[in-house]
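Have a look at the structure below before the remarks.
The values are calculated or read from the model by the stated rules, or taken from the named source; none is laboratory data. All of these numbers come straight from a predicted model, not from anything done at the bench. Glycine also receives a Cβ, built like all others from the backbone with ideal geometry; neighbour counts cover every protein chain displayed.
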Amino acid sequence: MELRRDLSYFDLTNIVVGAIVGSDIYIASAITAGLVGPFSIVVWVIAGIMATVLALVFAYSSYYVPKEGGSFAYVSTAFNDFFGFLAGWSMWIAEVLALPVFALTFANYLGYFVHLDFTESLLVKALFLFGLTLVNIVGVKAAGRVNDVLTVAKLSPLVLLVVAGLVSFAYNPGRLSNYAPLAPLGLGNFGSALVLIFWAYVGFELGTLPSAEVKDPKATVPKAIITGMAIVMAFYLSTNFVIFGTLNWGRLAATSVPLVVVGSVLLGRFGGGIMSLGALVSVSGSDESGILGTARLSYAMAVDGLFPRSFARIHPKFKTPYVALIVQAVIALVLSTYTQLASLISFSVFNLAFSFLLVCLAFFRLKKKGEGGLHGQNVVPVLGVAICLYLLYSISSVDKLIGTAVIALGVPLYVFFSPKVDIHDLKAELVSEEAILAGALEKRSRFLANSLRGAHAIIRSLRRHRDPRSPPT
């Protein structure tokens, strides 16, 4: 049963923008102000460039491998199912961890309008998660249309804030003195600030996940990712320019709702209310995009026999992976009850950086010499590897240890699921019990060999990249 190709270039661009612009812009500025002060604006530029480089790796990878599954599909194609599983597993963990962040933020911002006790907050988070899940179950086209509306709605308050801020600066240039000194706290926390702000740009990878439901994915996916990143950078930089120009960094560091405070300074009580409402819409749009992309990753891995088969079940009427959607909503609700925002974000970035690193390494094998239109395809993956290594280095030691343990936990899961036949081959192999037995034994016996061959393939690819004259082995 195939998925419907209902997503257009406009829909996918909005999925990318919608997945990136979420709760981050409404909370990150206050946290980074307490880490590096107004220098945060420079960190936003650096993080945006880093994210754009990685987005290009994903866009170019989707050109060569226009398949459902994103990082899992690219790494599996370049190496084998084992490394593909690790890439998909680490990204799946990161994306699932991001879903409760949005639910928590939504409940917190709703608390600006009405006080919520524990039970009421839990109910709000449940309605938030399962309401958006239901939209995705009804159909990817409906989800795309909802995301289009939410994306436009979430960007409108930011446009209003930026315009009001620029007009204010024109009439009162003295406000820009808030940028002096640029780095009052020094740059000792640069790495921590960069990790946090980089997470604000994360989401571009989700645009490659529903490729099987995109019209002309080979052309549409790269174009939509690049367009989406350009839009996001423009909004993030202009918004933060206004934020740090309007308020002193010390006042920003003391609040958990920086855009509400800035909106109130520029537009009074009306501005504070608009920014609060915008936060609720923005978080909803990001979570809707995350739900859509994460379920497609689960679906792709299940189809290849690397996740429980139930994750590949397609709804008979709506043609969507409804089991994967429901399972991830339940997990997100549980995590939103027992975890904190800071730990979720840091842990999510570790898993994403690991998955991105595998994709960058895989691209060395995916790219083809002389391919027209893919500018910089020889340089982009090299920069991507360096970026991923730096992100992994900058994350706290505790998160490194826990993240490594969780990724390692995926190895026995792979061992358990990898002997299973994939769903595409199931019908053909059902005609012969001998074929099923032979295939299962073959996959068991080659598990470790595949791992060693994959490692050798990575080393061989890197050597060929350093010396193009080296003959293939």
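Scanning region 337-347 turns up one or more residues that are in the same structural domain as residue 26 (by TED's automatic domain parsing), at pLDDT 80 or above, over 27 Å from residue 47 (Cβ atoms) and outside any loop (DSSP other than H, G, I, E, B). Between 94, 98, 87, the distinction of being in contact (Cβ under 8 Å) with a residue 12 or more places away in the chain, part of a helix (DSSP H, G or I), more than 18 Å from residue 405 (Cα to Cα) and hydrophobic (A, V, I, L, M, F, W, C) belongs to 98 only.
Out of curiosity, is residue 39 over 26 Å from residue 262 (Cα atoms) and in a helix (DSSP H, G or I)? Even if it seems obvious, please write down each step before you answer.
Working: over 26 Å from residue 262 (Cα atoms): no; in a helix (DSSP H, G or I): yes.
Answer is no for this residue.
Looking only at residues in region 83-106 that are in contact with a Phe, Trp or Tyr (Cβ under 6 Å, 6 or more places away or on another chain) and aromatic (Phe, Trp, Tyr), the one that is surrounded by the fewest Cβ atoms within 10 Å (Cβ to Cβ) is 85. Looking at the structure I just gave you, is residue 58 in the same structural domain as residue 107 (by TED's automatic domain parsing), buried (at least 23 other Cβ atoms within 10 Å of the Cβ), at pLDDT 85 or above and within 23 Å of residue 366 (Cβ to Cβ)? So residue 58 fits the description; yes.
Scanning region 154-189 for residues that are more than 11 Å from residue 241 (Cα to Cα), over 30 Å from the mean Cα position of the chain (by Cα), of a type outside the set (A, V, I, L, M, F, W, C) and crowded, with 16+ Cβ neighbours inside 10 Å turns up 168, 175.
Taking region 61-72 on its own, how many of its residues are part of a helix (DSSP H, G or I) and either surrounded by 24 or more Cβ atoms within 10 Å (Cβ to Cβ) or free of Cβ contacts under 8 Å to residues at least 40 places away in the same chain (or both)?
The number of residues fulfilling the criteria is 4.
Among the residues of region 263-272, is there at least one that is within 23 Å of the chain's Cα centre (by Cα) and among the aromatic types (Phe, Trp, Tyr)? If you could, list the steps in order and put the result at the bottom.
Within region 263-272, the subset within 23 Å of the chain's Cα centre (by Cα) is none.
Checking region 263-272: not a single residue is within 23 Å of the chain's Cα centre (by Cα) and among the aromatic types (Phe, Trp, Tyr).
Quick check on my filter: what residues within region 75-114 are in contact with a Gly (Cβ under 8 Å, 6 or more places away or on another chain), of a type in the set (Phe, Trp, Tyr) and within 20 Å of residue 350 (Cα to Cα)? Of everything in region 75-114, those that are in contact with a Gly (Cβ under 8 Å, 6 or more places away or on another chain), of a type in the set (Phe, Trp, Tyr) and within 20 Å of residue 350 (Cα to Cα) turn out to be 82, 83, 85, 89, 102. Among the residues of region 128-141, are any closer than 30 Å to residue 414 by Cβ, touching a His at 6+ places or on another chain (Cβ under 7 Å) and either in contact (Cβ under 8 Å) with a residue 40 or more places away in the chain or crowded, with 23+ Cβ neighbours inside 10 Å (or both)? There is at least one residue in region 128-141 that is closer than 30 Å to residue 414 by Cβ, touching a His at 6+ places or on another chain (Cβ under 7 Å) and either in contact (Cβ under 8 Å) with a residue 40 or more places away in the chain or crowded, with 23+ Cβ neighbours inside 10 Å (or both).
Check 53, 75 and return the single one that is in contact with a helix residue (DSSP H, G or I) (Cβ under 9 Å, 6 or more places away or on another chain), assigned to a helix (DSSP H, G or I), surrounded by fewer than 24 Cβ atoms within 10 Å (Cβ to Cβ) and modelled with pLDDT of 85 or more.
Values: 75 fails: surrounded by fewer than 24 Cβ atoms within 10 Å (Cβ to Cβ).
Going through 53, 75 in turn, the sole match is 53.
Is at least one residue of region 171-194 at pLDDT below 80 and either of a type in the set (S, T, N, Q) or assigned to a helix (DSSP H, G or I) (or both)? Scanning region 171-194, I find no residue that is at pLDDT below 80 and either of a type in the set (S, T, N, Q) or assigned to a helix (DSSP H, G or I) (or both), so the answer is no. Screening the candidates 225, 197 for the property of being closer than 18 Å to residue 290 by Cβ and either of a type in the set (A, V, I, L, M, F, W, C) or at pLDDT 90 or above (or both) yields one hit, 225.
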